[in-house]
Each structure stands twice: as C-alpha cells, then as structure tokens.
C-alpha cells in the first residue's frame, strides 16, 4: 500500500479532521465559559458576604451592649479552607540498588 502525502489526502479525511478539531474547540470554549461563570458567582457571593459583614459591624457599633465581642469577632474573618492534598499513588515500579564494590 502506498503512503499518501498531505496534498493527496482526500477531502473527506480533511473534513473529518476539521470536524474533530471543531468539536475539541467547542468543548474548550464550553469549559472556559463554565469556569468564568463560576468565577463570577464566587465574586458575587464574596461581595454579598462583605456587605453582610458591613451591616453587622454597623449594628455592632450602634448597639455594643447587645452583642458579645469575643464570639462575634470571628464572624468578620474568613475561615481557612482545608486544602485537600492528593496522596501520591504507590509507584508501580521498584527502585533497584546495586552494591558498589571496589
């Protein structure tokens, strides 16, 4: 069987490759769109939290005797997020050690 050159490739093969590349591109665009929507939602939620904290601070200034200062102070700060670390999988290969003799 003779190998064909790129210029000899049939138009149907070119169209199949183009279709596959366009599908990959569409999937990438969809993924980027979802990522940006999540970023926007996160920013909106952060803004809402900031506004609620501001309202709470104003309430605390207005009525200092009603609110417990020690317990309420932690509401002004974000709690640290626990970072999930992925444990490295056990390696499937073994290290060989050879004794060095002189």
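Taken over the range 67-83, residues that are over 22 Å from residue 47 (Cα atoms) and either surrounded by 10 or more Cβ atoms within 10 Å (Cβ to Cβ) or modelled with pLDDT of 70 or more (or both) amount to 1. Beta carbons closer than 9 Å, at least 6 apart along the sequence or on distinct chains, pair a first residue in the range 36-62 that is within 16 Å of residue 77 (Cα to Cα) with a second that is in a helix (DSSP H, G or I) for 53/75; 53/76; 56/72; 56/75; 56/76; 57/76; 60/69; 60/72.
The values are calculated or read from the model by the stated rules, or taken from the named source; none is laboratory data. As the structure is a prediction and not an experimental result, all values here were calculated from the model. All Cβ positions, glycine included, derive from the backbone under ideal geometry; neighbour counts span all protein chains shown.
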